[in-house]
Amino acid sequence: MTAAPAVSASNQDTIVAVATAPGEGAIGIVRLSGPEAVSIASRHCPTRPPLEKLEDRRLTLCSFAIDQQPVDDLLVVVMRAPRSYTGEDTVELHAHGGRALIAQILGALESTGARQADPGEFTRRAFMNGKLDLTQAEAVMDLIQARTDISLKAAYFQLRGGQKDRFEHIRSTLRQALVLLEAQLDFSEDVDVDNRVLRGTLEEARQAITDQLHSYATGKRVREGARVALCGQPNVGKSSLLNALLQEERAIVTHVAGTTRDTIVESVNLDGVSVTLTDTAGLRATEDPIEREGNRRSELAISSADLILRVVDGHHPPDPVDLEFLEAHQDRSILVVNKEDLGVDSSWGESPHVQEVRISARDRTGLDELRSLVRARCLGEGNPVEAITHERHAVLLEQSCAAIQRAVQALSDEAPWEIVSLEVRESTSALDRILGETTPQDTLDSIFTSFCIGK
Ligand SMILES: Nc1nc2c(ncn2[C@@H]2O[C@H](COP(=O)(O)OP(=O)(O)OP(=O)(O)O)[C@@H](O)[C@H]2O)c(=O)[nH]1
Ligand SMILES: [Mg+2]
């Protein structure tokens, strides 16, 4: 994942890059795309018939030659425009995946006219050639980076155009409103727009956007993972729980209160959700400067967490400090009553407002239930696969929604039709930008340069 300057070179260039992960592998795929892709490759791939005449999309064995010297036997395939990933003429070479070999092949293709591709340039060309809209292009990277089943499904939903279709649907609703408004503007004497129909149409679009926006909290956790903090008083078993969830002895566990002094951060897949777990120092009043700093870091982790696991020692009766904490953070905490193996005090389980789970970090009981609670709380209601996952989409949807609200207000105020129309246009243009139709160059640059080379 190398950062690189913005793509500025001409689309007329033929670009080349290795498409498989760097290093040694059974196969290394080199991809060429652009107007000269076939002629450049044919200088190194003596096929029969020649590459220019080779059937589209058929893998053919040949010996790749540099200065007439064969260096590898490989498979070559030609995918002619527009039926290729980029929409341009594309050649793929499936060579053996060795570092020196791939470097030689790339060098040879560059010396015969190809230019090394910038990060994301193949996908950028696919986008420029209308093969993908911008949400689909973004999903390509999501798909590659997905670490859990759920984030993979969400990426694939977006790649197949699931989000694109929704945004287009909302936009077409807004365009219906615009048609009504245009008619009023063009033929104001003869046409009298039915205000209720117009309002209904705008309301429909607003509602669809609001639904999408509500899904973003979930979608963000699906794509980026959720932050979960383990917190509580000293010695209750937070570090033991961290180790149990990671299935490794990551943190030091002792019977001494105050064992963990710094925060410990680890990533784990919990029941299909990618989670960043933070074990924190036990919270208690102290004069020790190290523990005070530990407490400060604990507070920081707690305040930024999507979900807090408040761990208590269930063998003892509830402490008001824990109950107060849970009350203050009930919307994003789960009460984890630990040390179940020692017997749980009968006063636990009385709070109807707090979700509670009983475990033994020592004996590793109750962990499946805890994992599935964490999953349910992180993913919320609704279908997480169809949630919007990109902040860029959420920000533009908010802009679109605000413009619709201003349009509705203008209607109520009986403002001139031009004003209403202006606001509806504003709301559609935010959707245009999500889809990449009028997206500023710098936004495109920042999206595509975050891709890897060869994608
Ligand atoms: N019986 C029993 N003991 C446990 C369990 N979980 C933890 N302990 C013990 O409780 C003590 C404290 O465990 P830790 O995991 O270090 O607790 P902590 O909350 O991280 O403590 P600090 O880092 O000091 O805040 C250790 O002696 C553990 O062996 C459990 O489920 N059952
Ligand atoms: Mg600890």
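The values are calculated or read from the model by the stated rules, or taken from the named source; none is laboratory data. Because the structure is a prediction, the values reported are computed rather than measured. Please note: Cβ atoms are built from the backbone with ideal geometry, for glycine as well, and neighbour counts cover all protein chains shown.
Tabulated data for the structure shown
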read-out: Flag if ARG175 is touching a helix residue (DSSP H, G or I) at 6+ places or on another chain (Cβ under 7 Å) and surrounded by fewer than 22 Cβ atoms within 10 Å (Cβ to Cβ); value: yes
read-out: Residue that is farthest from the chain's Cα centre (by Cα) [pool: residues in region 273-290 that are buried (at least 18 other Cβ atoms within 10 Å of the Cβ) and more than 10 Å from ligand 1 (Cβ to nearest atom)]; value: THR278
read-out: Condition check for SER333: at pLDDT 95 or above, surrounded by 20 or more Cβ atoms within 10 Å (Cβ to Cβ) and away from ligand 1 (no atom under 13 Å from the Cβ); value: yes
read-out: Tabulated pairs, region 242-259, first farther than 20 Å from LEU283 by Cβ, second near ligand 1 (Cβ under 6 Å from one of its atoms), C-beta under 6 angstrom, 6+ apart or interchain; value: ALA244/ALA361
read-out: Some residue of region 287-294 being within 27 Å of ASP149 (Cα to Cα) and part of a helix (DSSP H, G or I); value: no
read-out: Any strands (runs of 3 or more DSSP E) falling wholly within region 45-97 and containing at least 2 residues that are under 18 Å from GLY454 (Cβ atoms); value: 69-79, 90-97
read-out: Unmet requirement for VAL374, which otherwise passes all of (1) closer than 26 Å to SER215 by Cβ; (2) in contact with a Ser or Thr (Cβ under 8 Å, 6 or more places away or on another chain); (3) at pLDDT 95 or above; (4) more than 16 Å from ligand 2 (Cβ to nearest atom); value: (2)
read-out: Out of LEU335, LEU370, LEU396, sole residue that is touching a residue at least 12 places away in the same chain (Cβ under 8 Å) and in the same structural domain as GLN207 (by TED's automatic domain parsing); value: LEU396
read-out: Some residue of region 377-394 being among the basic types (Lys, Arg) and over 16 Å from the mean Cα position of the chain (by Cα); value: yes
